[in-house]
Each structure stands twice: as C-alpha cells, then as structure tokens.
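Since the structure comes first, as structure tokens, the remarks are kept for the end.
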Amino acid sequence: MNRLLRVGSVAVASLGVLALSACGSDPEPSGSSSPSTGSSSTGAECPQGTLNAEGSSAQKNAIEEVISKYNETCDKVTVNYNPTGSGAGIKQFNASQVDFAGSDSALKTESKDGGEPEAAQAAKRCANNPALNLPMVIGPVAIAYNLDGVQKLVLDGATAAKIFQGDIKTWNDPAIAKLNAGVTLPSAPISVFFRSDESGTTENFTKYLKAAGGGAWKGEPAKKWTGTGAGKEKSAGVAEGVKSTKNAITYVEWSYAVDNKLGVAQIDNGSGTPVELTAESAGKALAAAKPAGTGSDLALKLDYATKEAGAYPIILVTYEIACSKGLPAEKTALVKSFLTYFAGKDGQGALTELNYAPLPEEIRTKVDAAIQTIS
C-alpha cells in the first residue's frame, strides 16, 4: 500500500491545475500560554506554550505525526489534539475551549435548523473576525469490509447507498452479485457500522451517497448518521467494529482501513472500469474540486459524482479551522507557528507513509499564504 501511495503522491503533487483563485478532556483556557520564545535546534524562533485543538478523528494519525515532527524543531511548544470528531471540534472552537479545530467539512454558512450558522458562531468566537477554513489533510474515505474469501469487492453509488440505507440486507443480493461476477458471495446478513458521533467523515460519505446513489439515499448529507447499522465512536471505533465482526462493512478514513487490514471496495464511478483506492485515484477526484471560499478562506466544493476514468470519488479534506484575528497575541503566535509547519513541505511530507495524500503544491502554497495573514 505504501508503494502505491509513493507512486500516487507524484500524481497528487502534479495537481497544480487546481486553481484556488479566490487536547485533553480539560483544555487549557485561551491566553494561558507563555508569550516568551526560544530557539529551535535549527536556529529558527519558536514560541513557547500550550496549544489545544480538537475535532476530526480522520486526521488523528496525520496530526499526531506532524506534532511529533514539529516538536523536533519547536520543543517548547505542547500541542494537544483531542480527536473527538468534527462536530465536537467545531462546537468546542466556537465555545472558545480550543485554539483551533479540525473538521472534515468547512464551516456551514447557512443553518438547516434555524439556528445560527457555524461560520457566524465562529466569527463571534474570533472577536467578530472571520474564521478560516484551511485545507490541510487529504483523506480518502474507504468503504471497508470484512468478508471471508472475498479479496476484491466492487460497489457503485446506488448499491452502496442501498446497503447503508438498509435496503440491501445480504451479501449475495443480486445488485452486489451483478457488480462482482465470478465472486462467491455469502448469503450472510450484512453488518453495517456507522459513526455514532457527529462526524465530518459521515457528512462527506453521505454527500457521496446522495450524489452518486441515484435516489437510493433518502437522507440529506449531515454529520449525524441517518442510515442503518450499529454505531461506534470515532474512526477507530468503526474500524475495530468491522475488524472484529465477520460480514461487516463501514465507511472510514483510508489509513484506518489499512491499519486494521480491512478489505477496501473498488468503486464503479460510471466510467466503465472499477477504481481502486490509491493516492493517485484520490488525487484525480481532487482535481475536480472547485473553490467555495474567498480570499484567505480556502473551502473547497468536491464533486462526489465524478465519472472521470480512474478517479476515486469518495474523498474528504480535513480543514484546520482558525481565527483570522481575535486570539490573544501569544496564542496567535502558537497557531501560526504550528499551522505553518503543518502546511510546509516537512509537515506535508510526514503524511506520505501514513496513507494520506499530501497537499498538491499549488494548494499548499495558498494555504501557507493564508496562514501568514492570521494576526
């Protein structure tokens, strides 16, 4: 798998054609870190203090690796990241309990329940300044399964939607069999696992089911699951659920599927040939993304229904949600220092062996420029 990722990262890095014109359970209160600075082993100036963040569990493996690498340079900064899920992370950020949040979907600018939109709440938290959506980690979403004797499983949007909706209940259903000619499928019931916490991975996956499902997915894309199955908390929970349960299936960030040695379904996106999940195929889907933000807000609109040959359509982008202005000066220095490293070549380079795709250079430089506007 890592060989595929190394090969694929070359393709991902070439996606300059994508134009973007436009924590512990008791987090430390904002403003409590020391404003003093110290020198790193490389001679660069580093802040000192504690930075608290919370959110996306899909980026847990990525951000923990980057924190470790960052501390080799800035060893007087403590970065705590609590992978409670995107929804919880945004809520904690808007409540001023953490200094930045990780979310697998950009802040909502409209409200579906009549309440104040996430972006408006975040602006209040940032002393009436906009919060920025900074794409940092590209994490393909795998449809992961545990099915004895099945080394290759193909699904399309409609069939996946019917499985996760609960309309297809057994593995040998004619719709699955049609996509997997020559494969012996068991008559066993399908055990579906879903994220019980509010999750950006859930939102991205349900966007795919809605866009590519041909009407089979009845719900609206959201962080809260509305389909069938048994709930487990966080990415690790659903991955472990499938690993320990025969004839099970879930949706989970790719690195968790790999770490747990789960099968990963190929996706028939309508191009005529099923697409295997690799960094290269995920990169092709990213190339179809459009800018959704303006200025330093780098939110993206992904095309989950792409039919481009070789494009794996189920991807998510984890954003770091940060105040453009409004934090105390010492916290601003910490946020800028860490996020600058995360978006840098060293930070992004640390992701390639963890089954994440690094940001294409054109995107990476724009993210870095946006971080430098934080004040």
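Of the residues making up the stretch 104-131, those that are open to solvent by less than 10 Å² (accessible area, probe 1.4 Å), touching a helix residue (DSSP H, G or I) at 6+ places or on another chain (Cβ under 8 Å) and outside any helix (DSSP H, G or I) are D104, S105.
Only a single item in (1) surrounded by fewer than 20 Cβ atoms within 10 Å (Cβ to Cβ); (2) in contact with a Lys or Arg (Cβ under 7 Å, 6 or more places away or on another chain); (3) more than 25 Å from D113 (Cα to Cα) is not met by G241, and it is number (1). Kindly evaluate A305 against the criterion of being among the hydrophobic types (A, V, I, L, M, F, W, C), touching a helix residue (DSSP H, G or I) at 6+ places or on another chain (Cβ under 6 Å), open to solvent by 30 Å² or more (accessible area, probe 1.4 Å) and closer than 30 Å to V264 by Cβ. Yes, satisfied.
Residues in the stretch 313-363 that are in contact with a Lys or Arg (Cβ under 8 Å, 6 or more places away or on another chain), part of a loop (DSSP other than H, G, I, E, B) and at pLDDT below 95 were compared, and the one that is farthest from P130 (Cα to Cα) is A350. Residue count for the stretch 111-134, restricted to those that are among the hydrophobic types (A, V, I, L, M, F, W, C) and in contact with a Pro (Cβ under 7 Å, 6 or more places away or on another chain): 1.
If you go through the stretch 84-103 and keep only what is part of a loop (DSSP other than H, G, I, E, B), modelled with pLDDT under 95 and open to solvent by less than 20 Å² (accessible area, probe 1.4 Å), you end up with just G85. Scanning the stretch 210-238 for residues that are within 17 Å of P83 (Cβ to Cβ), open to solvent by 40 Å² or more (accessible area, probe 1.4 Å) and aliphatic (A, V, I, L, M) yields a single hit, A236. Counting the residues of the stretch 309-343 that are surrounded by fewer than 17 Cβ atoms within 10 Å (Cβ to Cβ) and not β-branched (V, I, T) gives 5.
The values are calculated or read from the model by the stated rules, or taken from the named source; none is laboratory data. Keep in mind the model is a prediction, meaning the values are calculated, not measured. Methodologically, a virtual Cβ is constructed for each residue, glycine included, from the backbone with ideal geometry; neighbour enumeration extends over all protein chains shown. The protein model used for the area step is the full one, side chains on, heavy atoms only, and it has no ligands, DNA or RNA in it. Shrake-Rupley method; radii C 1.70, N 1.55, O 1.52, S 1.80 Å.
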